[in-house]
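Worksheet: one structure, shown below.
The values are calculated or read from the model by the stated rules, or taken from the named source; none is laboratory data. Keep in mind it's a predicted model, so treat the numbers as computed, not measured. Because the Cβ atoms are built from the backbone with ideal geometry, glycine has one as well, and the counts that use them run over all protein chains shown.
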Amino acid sequence: MGFRTKQVHAGVEPDPVTGAILTPIHQSTTFVQDSVDEYMGKGYSYSRGGNPTVRALEVKLAALEEGVDATAYSSGMAATVAVFLGLLQAGDRVVIADVVYGGTYRFADQFLSKFGVEVTFADATDLGAFAGAITDETRLVFTESPANPTLKVTDLAAVSEITHARGALHVTDNTFLTPYYQRPFELGADIVIHSTTKYLDGHNATLGGAVVVNDEDLQERIAFARISAGLVMSPMVAWLTLQGVKTLSERMDRQSASAIAIAEYLAGHEKVDYVSYPGLPSHPAHELSKRQASGFGAMVGFELSGGIESGKKLMDAVELWSLAENLGAVESLITHPVTMTHASVPAEERLKAGITDGLVRLSVGLEDVDDLIAALDEALQRI
Ligand SMILES: Cc1ncc(COP(=O)(O)O)c(C=O)c1O
């Protein structure tokens, strides 16, 4: 079955009681059991352990990633935390790419060490150095590609190989490209994380997360962490996300086509110092991106030649682009990573990883691309 067919139909059957074409919102804490001996006979007991509306989304996401199973969470961060809780113990080591979402960095840096897990951040694009950071005590290797916010691209197949050579698991955050453009399991990854808040919902309406796995045992361990810690997605969020996912491919294609046009426009502008977009031949991993993904996505990073001061003026002045955190939705957003999404990464680490003070991040939405470029052009003239 093709991706578009699966994004509409996977996980969803007409409701057996009423025939409703959309999965009902099973807004219920508990599920009545037929008898003590038939406990969980219908598959559900208490919504912290599982809920039919949430389950429909999990089945859909597992089908789209071509994984074995999935679990859904209250946020992308809850999904990442469930993987750590489910799979790590004191004495383990984790290697994390030096550029990842700021919240992932913060949790690893400030919480994992409290539980006796040692964390190393390393540049996943320097495969020799990255391999050197992985030891026999390493349980998990965590990547994000393209990475938030610099759009650095990691060779996921190569990282899977060096990770498996040490007997560790490769976890990758596929939020930026989604399974429509990138299938990490085909590149050897073991666990795929999503902030469903972004492209999967696509409408700035919810906070949610998902973990997709390629193995039943991993599913069991991670689901056990979820029920134990209560990191669950609500039925209403699952229902909204189920509707959002149905148009994922169409949104991704349109938003990415606009992103290419915007990246090209910015790259040719005299006030722009550099543009980071994997779809531009000037991106260091342009060829790798073409090999490991079927699209470049709709996130663009750039810096103005006037640095941070000009960047701030642009973000304050530009019309149509909302100054806000989040990404992946139909509304175009403009973000300053250093004060917003990556404020929790220490300045020294940020600079080492190329997250400069002047970096501006765009999440290209679904508006007319001519209007988006005209708004940037008008603001650039004014600053
Ligand atoms: C790549 C990536 N992963 C994970 C997250 C965390 O997701 P959430 O905000 O849903 O917790 C984000 C949030 O911006 C993100 O950009």
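Brief remarks on what is shown
- For the stretch 92-128, filtered to residues that are in contact with a strand residue (DSSP E or B) (Cβ under 8 Å, 6 or more places away or on another chain), of a type outside the set (Asp, Glu) and assigned to a loop (DSSP other than H, G, I, E, B), the residue that is farthest from the ligand (Cβ to nearest atom) is Val117.
- Among residues of the stretch 200-215 that are more than 11 Å from Thr175 (Cβ to Cβ), those with a beta-carbon under 6 Å from a residue that is near the ligand (Cβ under 10 Å from one of its atoms) and not in a loop (DSSP other than H, G, I, E, B) at least six positions away or on a different chain give the pairs Val211/Ala79; Val211/Ile193.
- Just one residue in the set Thr150, Thr175 is of a type in the set (Val, Ile, Thr), surrounded by fewer than 24 Cβ atoms within 10 Å (Cβ to Cβ) and not in a helix (DSSP H, G or I); that residue is Thr150.
- Those residues of the stretch 306-321 which are touching a residue at least 60 places away in the same chain (Cβ under 8 Å), in contact with a strand residue (DSSP E or B) (Cβ under 8 Å, 6 or more places away or on another chain) and either surrounded by fewer than 17 Cβ atoms within 10 Å (Cβ to Cβ) or not β-branched (Val, Ile, Thr) (or both), in sequence order: Ser310, Leu314
- Here Ala62 does not qualify as in a helix (DSSP H, G or I) and either within 11 Å of the ligand (Cβ to nearest atom) or modelled with pLDDT under 95 (or both).
- Counting only residues that are more than 17 Å from the chain's Cα centre (by Cα), of a type outside the set (D, E, K, R) and farther than 25 Å from Val17 by Cβ, the stretch 37-78 holds 1 of them.
- Unmet requirement for Phe130, which otherwise passes all of (1) among the hydrophobic types (A, V, I, L, M, F, W, C); (2) more than 19 Å from the chain's Cα centre (by Cα); (3) farther than 26 Å from Val300 by Cβ: (3)
- Options Ala205, Ala210: the member that is within 15 Å of the ligand (Cβ to nearest atom), buried (at least 24 other Cβ atoms within 10 Å of the Cβ) and either β-branched (Val, Ile, Thr) or at negative phi (or both): Ala210
- Matching residues in the stretch 296-331 - criterion: being among the polar types (S, T, N, Q) and within 16 Å of the ligand (Cβ to nearest atom): Ser322, Asn326
- Applying the criterion of being farther than 16 Å from Leu200 by Cβ and among the β-branched types (Val, Ile, Thr) to the residues of the stretch 216-250, the residue that is surrounded by the most Cβ atoms within 10 Å (Cβ to Cβ) is Ile222.
- Extreme residue, nearest to Leu333 (Cα to Cα), among residues of the stretch 227-250 that are in a helix (DSSP H, G or I) and in contact with a Phe, Trp or Tyr (Cβ under 7 Å, 6 or more places away or on another chain): Leu248
- Hey, Val100 within 18 Å of Arg166 (Cα to Cα) and either crowded, with 23+ Cβ neighbours inside 10 Å or assigned by TED's automatic domain parsing to the domain that holds His26 (or both) or not: no
- For the stretch 188-200, filtering for residues that are buried (at least 24 other Cβ atoms within 10 Å of the Cβ) and either more than 8 Å from the chain's Cα centre (by Cα) or within 20 Å of Leu88 (Cα to Cα) (or both) leaves 8.
- Contacts under 7 angstrom Cβ, first residue in the stretch 246-261 being under 21 Å from Ala375 (Cα atoms), partner assigned to a helix (DSSP H, G or I), 6 or more apart: Ser258/Val369; Ser258/Leu372; Ala261/Val369; Ala261/Ile373
- Selected residue [assigned by TED's automatic domain parsing to the domain that holds Val68 and free of Cβ contacts under 8 Å to residues at least 24 places away in the same chain] from Glu161, Glu186, Glu220: Glu220
- Candidates Val59, Val54, Val81 - the one that is within 27 Å of Ala168 (Cβ to Cβ) and in contact (Cβ under 8 Å) with a residue 24 or more places away in the chain: Val81
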